[in-house]
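The values are calculated or read from the model by the stated rules, or taken from the named source; none is laboratory data. Everything quoted here is computed from the prediction, not taken from an experiment. Note that each Cβ is placed from the backbone with ideal geometry, even for glycine, and that neighbours are counted across all protein chains shown. The accessibility values were calculated without ligands, DNA or RNA, using every heavy atom of the protein model including side chains. Shrake-Rupley method; radii C 1.70, N 1.55, O 1.52, S 1.80 Å.
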Amino acid sequence: MNLFLRKQRKEPSAPEAVETDKQGPSASDIQEAPALQAHLAYLQELILWRLEQRLGLKTGKERGLPAFPAIAEADESPFALFVRQQQPVQEELLVLLMALAPYAYASFFDALVARVLPKGGELPEFGGVKGDTHRGMLPTAETALFILAGEDLAERMRLQYWLRHSPFLNTDRIVKLEPVKAGEPPMSGKLVPDDELAEWLLTGAVSIPRMSMNFPAQYIATELDWSDLVLDPRTLAQIREIENWLQHQDALLYDWGLHKKIKPGYRVLFYGPPGTGKTLTAMLLGKYANLPVFRVDLSMVVSKYIGETEKNLSSLFDKAENKKWILFFDEADALFGKRTNVRDAHDKYANQEVSYLLQRVENYAGLVILVSNFRSNMDESFTRRFQSIVYFPMPKPEERLALWQMAFPPQVQIAETIDWGKIASQYELTGSNIVNIVQYCGIKLLASDRALLEYDDLLEGIRREYAKEEKTA
């Protein structure tokens, strides 16, 4: 859930559906409407008042603005929670509502202009642009200037500076002012709310982003629990440190005031042989911290074209910014590997990619997990900045015994000739190897309509797994 809040809250249930008629919310609904609809109704009245004043209509002089809506203490809707936690000033909240309005009512702005210009016409000072697929008007910063300041030049200049530098719009990225082409006034850029925030405020839920060229990462999750993960005690102790950070990061940074001295986020390297639990550990950290985990697809990130890798990385981190998502870079050597001596232009640009990545990782406010088989493959500039470097060794006999003892489901009967202690001592296998053996044996038993696992069945599965790694059982 994308709350953009420092303190975590329980995700509320979805708010009641907002009625979507052509004219938008009615002013008469202000008192009894949900918080978001009441605020959109207030924005509607403010826009009408400003438009009628600009056109010299009599109603503009007679129209009185209602009081700015208050949030009821009992209101637990997403919009109410957001306003309570963020405590935006009125200008900030109005700009957010302007950006959000077309998401609630496609013709929000067009309908209001049509009411004051029933025969048609244009108001360039009102701003706004048409989208590629959206047929209604989308607000620009010029729209905000007109609504908030009218023709007051001094106020417009103040608001221009504010729109460019307000942390609410820029640092927190709650609303983004899109850049424009060179030579065009910067205030003609669109006001765009964060996608996840807009969805949550309107529906009470946030969809998991799908992997695409604009977001080269895949959501990963597990149904397993910590009890299903068997790790070396020293490795497990380091994982608990990461859990503690996920739980107490906000208190450390903001309640204790250490955000002035400590950079946000946590960077960790998982390294060790394949199949030793690195990916499962990342998914379990996300599961118990209630944070989504995204595995970055490096094949979609790294490009042979100059500047494209940085562009893909920028798209990824911009999407994840301020959401505390866990970013999981598997086989990170391809992107985080050692920089080379500059011998040609290719080396120069490759080193630039690493430097850019280092900057984005260091400034990311969430948990970044890099995974490699060997620590020595990683560039030292990254390892110096890790809060933790966690080694996942091959399981020892006692750990392999624990893995074997909980590997097979209760539907499988284990022959008395199978001695798990002996199997664990004799065969050096990872957790991933053991899962593959369980799968092979399970299919074999089902195909032969048997429930009893014999020693020969198990040994054959082990031999097959050894053969994949060119070893002899």
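Each peptide among 184-195, 89-100, 152-163 gets the average number of other Cβ atoms lying within 10 Å of its residues, and from highest to lowest they stand as 89-100, 184-195, 152-163.
Could you work out the relative contact order of the range 76-226, using alpha carbon pairs under 8 angstrom and six or more residues apart, expressed as a whole percent? About 22 percent, as a whole number. Starting from 0 in steps of 5 Å, tell me what percent of the Cα-Cα pairs of the range 84-192 lands in each bin. Whole-percent P(r) values from 0 Å outward: 2, 12, 22, 25, 20, 13, 5, 1, 0.
Accessible area per residue for the range 188-248, computed on protein heavy atoms with a 1.4 Å probe, is 53 Å².
Per the Kirkwood formula on distinct C-alpha pairs, the Rh of the range 31-161 is how many angstrom?
Values: mean 1/r = 0.0636 Å⁻¹.
Result for the range 31-161, one decimal place: 15.7 Å.
With a sphere of radius 11 Å drawn around the Cβ of Pro167, what net charge do the other residues whose Cβ falls strictly inside it have (Lys, Arg +1; Asp, Glu -1)? Please list the in-between numbers first.
Numbers: positive: Arg173; negative: Glu92, Asp172.
Counting the neighbours of Pro167, the net charge comes to -1.
When N counts the residues of the range 229-325, how does its alpha-carbon radius of gyration compare numerically with 2.2 N^0.38 Å, as a ratio? Please list the in-between numbers first.
Values: Rg = 16.1 Å, N = 97, 2.2 N^0.38 = 12.5 Å.
That ratio works out to 1.28.
Surface composition of the chain: carbon and sulfur make up 50 percent of the accessible area, probe 1.4 Å. When you restrict to C-alpha pairs under 8 Å that are six or more residues apart and normalise by the size of the chain, the relative contact order lands at 13 percent.
The Cα center of the range 355-424 and the Cα center of the range 94-166 differ in position by 52 Å. Ignoring aspartates and glutamates fewer than eight residues from Lys444 along the same chain, the ones with Cα atoms less than 12 angstrom from its Cα are Glu454, Asp456, Asp457, Glu460. Solvent-accessible area per residue in the range 368-473 equals 56 Å², computed with a 1.4 angstrom probe and all protein chains kept. Partner aspartates and glutamates whose Cα lies under 16 Å from the Cα of Lys396, excluding those fewer than 8 positions away in the same chain, are identified as Asp232, Glu428. Evaluated at q = 0.17, 0.20, 0.22 Å⁻¹, the base-10 log of the normalised Debye intensity for the range 152-272, with identical point scatterers placed on the Cα atoms, takes the values -1.23, -1.30, -1.31. As a length-normalised measure over Cα pairs under 8 Å and 6 or more apart, the relative contact order of the range 370-463 settles at 30 percent.
Of the listed peptides 422-428, 383-389, what is their order by residue-averaged count of other C-beta atoms within 10 Å, with the highest listed first? The partial results should precede the final answer.
On the way: 422-428: 16.3, 383-389: 14.0.
In descending order of packing, they fall as 422-428, 383-389.
For Lys263, the aspartates and glutamates whose Cα comes closer than 16 Å to its Cα, not counting residues fewer than 8 places off in the same chain, are Asp172, Asp250, Asp255, Glu321, Glu362.
If you wrap the chain's Cα atoms in a convex hull and average its projection over all directions, what's the area in nm²? Numbers along the way, then the final one.
Working: hull surface 121.7 nm².
For the Cα atoms of the chain, the hull's average projected area reads 30.4 nm².
Let me make sure I get this right: for the range 61-109, a, b and c are the square roots of the gyration tensor eigenvalues over alpha carbons, sorted descending. Under 1.5 in a/c it's rounded, otherwise prolate if a/b > b/c, else oblate. Which is it? It comes out oblate by the Cα gyration axes. Most tightly packed first, judged by the mean number of other beta-carbon atoms within 10 Å of their residues, the peptides 267-279, 218-230 read 267-279, 218-230.
Structure note, pairs Lys278/Lys471; Lys287/Lys324; Lys176/Lys287; Lys287/Lys323; Lys130/Lys176: Cα-Cα distances above 20 angstrom occur for Lys278/Lys471; Lys176/Lys287. Accessible-area rank, largest first, for His134, His259: His259, His134, with all protein chains present and a 1.4 angstrom probe. How far, in degrees from 0 to 90, does helix 233-250 lean away from the longest principal axis of the Cα atoms of the chain, to the nearest 10? On a 0 to 90 degree scale, this one is about 10.
Relative to the dominant Cα principal axis of the chain, helix 35-54 is inclined by about 40°.
The helix-based estimate of mean residue ellipticity at 222 nm for the chain, built from -39,500 (n - 2.57) per DSSP H run of four or more residues and divided by its residue count, is -13500 deg cm²/dmol to the nearest 500.
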